[in-house]
Amino acid sequence: MNSIVINIGNSNIRFGLFDDDNCDISWVINTKPYRTADELYVQMLMLYQTYKIEPGAIQNVIIGSVVPQLTKVMSSAIKKIHGISPVIVDRNTPSGVQAKSKQMGTDIYANLVAAHNMYPGRKKIIIDFGTALTASCVTETGETLGVIIAPGIVTSLNSLISQTAQLPEIELKKPKSVLGLDTVTCMQSGMVYGFLGMVEGFIDRINEEVNDDCFVIATGGVSHVYKPLTNKIHITDRLHTLKGLYFLGKDQS
């Protein structure tokens, strides 16, 4: 069965075309500026044409969102394109994971569900390098052990640039040295190694608290920058959250 899965985040909206359990195609658009249902309708049809997707071949559409004002708008666009109502999933959607919190975001819940389904038999930590930097932990049996939320890397970088008069925009990548003698290298070192130290600290402290050596998955927009710099992250998967939404929604339609 062909499904479209949509992850509406604070910075980006990621789409994925799933053929059964495999995500064949994925694309991203900016969340802001917020669009009307008609604008989303036009934009999605153009992207469908680009990726040669026939709306009539889609049997199921799954939406997970942390932006409530866009959920209804996206649903309206989906109904207009596909003639079906999308499946909206959130922390209350049944799964093998116990959310244990009425405040848990859909994205964090989806991360836990994907990890539980894809990496069974061990405790998992999911590091999500999104608008917020989050670390969540789930047991072998699907029990949520807890979550850490910190300022996101790009969010922090943009704040730094906007609040200072002389710091420029930079490319987020590994600097040529830890100690810099030019502004760009200095900033890159702070953003890369500063947040890397935070992430490694999260992993160490979580492992100590749960008394285990957890399997660590990284996802989110800039996860690829950090994975090569540490052996504490075991795998990166930019589609991890999308896969969690798919697992949540595939049996709900």
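Bear in mind these aren't lab numbers, they're just calculated from the coordinates by the rules spelled out. Here the structure is a predicted model, which is why all the values come from computation and not from measurement. Cβ: placed from backbone, ideal geometry, glycine included. Neighbour counts: every protein chain shown.
Listed by chain and number, the aspartates and glutamates whose alpha-carbon sits under 15 Å from that of Lys124, ignoring those within fewer than 8 places in the same chain, are Glu140, Glu143, Glu200, Asp204, Glu208, Glu209, Asp212, Asp213, Asp237. Positive contributions from Lys and Arg (+1) and negative ones from Asp and Glu (-1), summed over other residues with Cβ under 15 Å from the Cβ of Val73, come out at +3. Labels on offer are [x] 19.0, 58; [y] 28.7, 107; [z] 22.9, 78, and the one holding Rg and Dmax of the Cα atoms in Å computed from this structure is [x].
Shown here for region 50-139: chymotrypsin sites (Phe, Trp or Tyr not before Pro) in loop regions (DSSP other than H, G, I, E, B) with at most 14 other Cβ atoms within 10 Å, namely Tyr51. Along the axis of the charge dipole computed for the chain (Cβ charges of +1 for Lys and Arg, -1 for Asp and Glu, origin at the Cα centre), the listed residues Asn12, Met187, Ala115 are led at the positive end by Asn12. Among the listed pairs Lys102/Lys227; Lys102/Lys123; Lys174/Lys232, give every one whose C-alpha distance is greater than 29 Å. Over 29 Å Cα-Cα: Lys102/Lys227. By the gyration tensor of its Cα atoms, with a ≥ b ≥ c the square roots of the eigenvalues, what is the shape of region 1-92: rounded for a/c under 1.5, prolate for a/b over b/c, or oblate? It is rounded, given that a/c, with a ≥ b ≥ c, falls under 1.5.
About its Cα centre, the dipole of the chain is roughly 360 debye, where the only charges are +1 on Lys and Arg Cβ and -1 on Asp and Glu Cβ.
Extension gain, Lys174 to Thr36, is 45.8 nm, computed as 0.36 nm per intervening residue step minus the present C-alpha separation. Does region 201-253 classify as rounded, prolate or oblate by the C-alpha gyration tensor (a ≥ b ≥ c root eigenvalues; a/c under 1.5 gives rounded; else a/b over b/c gives prolate, otherwise oblate)? The shape class here is oblate. Where both bridge residues fall in region 96-253, DSSP classifies roughly 60% of the beta bridges as antiparallel. Net charge within 13 Å of Val210 by Cβ-Cβ distance, Lys/Arg positive one each and Asp/Glu negative one each, not counting Val210 itself? It works out to a net charge of -3.
Using unit Cβ charges (K, R positive; D, E negative) and no other charged atoms, how large, in debye to the nearest 20, is the dipole of region 168-253 about its Cα centre?
The dipole of region 168-253 has a size of about 340 debye.
Shown for the chain are the DSSP H helices of 24 Å or more along their axis, judged by Cα atoms, with a mean Kyte-Doolittle hydropathy of at least -0.5: 183-210. Net charge of the neighbourhood of Lys173, taken over other residues with C-beta under 15 Å away and scored Lys/Arg +1, Asp/Glu -1, is 0. Counting only trypsin sites (Lys or Arg not before Pro) that are in a DSSP loop and have at most 10 other C-beta atoms within 10 Å, tell me the longest site-free stretch of the chain. In short, 103-253.
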